[in-house]
Amino acid sequence: MILNLDPKFTPVTTQEEIKFQSFTFSGGEPHIKINPDFDHNEKVTITHRLNSFNDLGLLCITVDALRRMDVKIIDLFIPYFPAARQDRVMIKGESLSVKVYADIINGLQLNKVFVFDAHSEVTPALVNNCEVIPNHTFIQQVLKVIGDNVKLISPDGGALKKIYKVSEFLGGIDVVECSKSRDVKTGKLSGFKVYEDDLNGMDCLIVDDICDGGGTFVGLAEELKKKNAGKLYLAVSHGIFNKGFEVLDCFDKIFTTNSFKDFDDERVEVVKLEL
Ligand SMILES: O=P(O)(O)OC[C@H]1O[C@@H](O)[C@H](O)[C@@H]1O
């Protein structure tokens, strides 16, 4: 059974949905009233797009309400784990934000916590009973649209391990390794390297977990074109796209999922997550 706390999130599922009402009190506190008309012995999976700290409140009171109805087994499906990129302290004075979220979620004593394409191995290491859902079927769906005569492009070393697993899942599609460098002082992107001399007009699919501003992918696209890439595609599990799609017009097509939010734009194709 599913309890979907974000009414705008529409995963593909055949599971029965638990009904509830929620609102925010005038003081800002969230409130929930779950319709008790379901089998309390069954496992309940809460789904929530936990994109910010504010969303945690509703999650916590929902788990409390379920426990008070004697629901014993509660799973959580968080498609995009918040602050997953803040998984290390770079400068004294910063917080290890991903751990703060993880600690709060651990306090809920959940049976399982599912996260879609975690940014790094830090999230599953910090979250108890965490299971990471890989991007394999998402990329499989993408290839159904663009065909499999492409090279998979890994933007940096951090994405390498994952992309080789995707390639293996898809029967051994070629991977091109790349790297990006940053200015040590400013942290800004300063350059890209594509470790292949000539792409011979082959279509290229860049695969990564998150597109935020898009700088990584625009810079990499320029380098790929210099190496004779054919069509350029981008597939990111979590689409934030904070600078819009205009900045990404070097791509023939962009793919993402509904893990972070929904999009209604012809430039992006959204593959819905399955539950
Ligand atoms: O270049 P933008 O889109 O801002 O940032 C996305 C990149 O930043 C990393 O954390 C992601 O894994 C991705 O490689």
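The values are calculated or read from the model by the stated rules, or taken from the named source; none is laboratory data. None of the values given here were measured: they were computed from a predicted structure. All Cβ positions, even for glycine, are placed from backbone atoms using ideal geometry, and neighbour counts span all protein chains on display. Each accessible area value is taken on the protein alone, full model and side chains, heavy atoms only, with ligands, DNA and RNA left out. Shrake-Rupley method; radii C 1.70, N 1.55, O 1.52, S 1.80 Å.
Tabulated results
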| read-out | value |
| --- | --- |
| Subset tally (residues that are open to solvent by 80 Å² or more (accessible area, probe 1.4 Å) and of a type in the set (V, I, T)) for the stretch 1-23 | 1 |
| Top-ranked residue in the stretch 265-275 [being hydrophobic (A, V, I, L, M, F, W, C) and part of a loop (DSSP other than H, G, I, E, B); ranked as modelled with the highest pLDDT] | L273 |
| Residue in the stretch 199-219 that is of a type in the set (V, I, T), within 24 Å of Y164 (Cβ to Cβ) and touching a helix residue (DSSP H, G or I) at 6+ places or on another chain (Cβ under 7 Å) present | yes |
| Residue within the stretch 200-211 that is open to solvent by 50 Å² or more (accessible area, probe 1.4 Å), within 13 Å of the ligand (Cβ to nearest atom) and in contact with an Asp or Glu (Cβ under 8 Å, 6 or more places away or on another chain) present | no |
| Subset tally (residues that are open to solvent by 60 Å² or more (accessible area, probe 1.4 Å) and not in a loop (DSSP other than H, G, I, E, B)) for the stretch 84-99 | 1 |
| Extreme residue, surrounded by the most Cβ atoms within 10 Å (Cβ to Cβ), among residues of the stretch 183-197 that are without any contact (Cβ under 8 Å) to a residue 12 or more places away in the chain and either outside the structural domain of K151 (by the TED database) or touching a strand residue (DSSP E or B) at 6+ places or on another chain (Cβ under 8 Å) (or both) | S190 |
| Criterion (within 14 Å of the ligand (Cβ to nearest atom) and under 21 Å from the mean Cα position of the chain (by Cα)) met by exactly one of E168, E121, E131 | E121 |
| Unique residue being part of a strand (DSSP E or B), at negative phi and not basic (K, R) when the list is F138, F81, F77 | F77 |
| Near pairs, Cβ below 7 angstrom, 6+ apart or cross-chain, from the stretch 240-265 (farther than 24 Å from A83 by Cα and in contact (Cβ under 8 Å) with a residue 60 or more places away in the chain) to any residue that is open to solvent by less than 50 Å² (accessible area, probe 1.4 Å) and of a type outside the set (S, T, N, Q) | K253/I146; K253/Y233 |
| Selected residue [within 16 Å of the ligand (Cβ to nearest atom) and over 17 Å from the mean Cα position of the chain (by Cα)] from S154, S179 | S179 |
| Filter pass, F114 being away from the ligand (no atom under 16 Å from the Cβ) and either acidic (D, E) or modelled with pLDDT of 95 or more (or both) | yes |
| The stretch 24-48: number of residues that are under 26 Å from the mean Cα position of the chain (by Cα) and open to solvent by 90 Å² or more (accessible area, probe 1.4 Å) | 1 |
| Subset of the stretch 137-168 (residues that are without any contact (Cβ under 8 Å) to a residue 60 or more places away in the chain and either outside the structural domain of G201 (by the TED database) or of a type in the set (S, T, Y) (or both)) | S154, Y164, S167 |
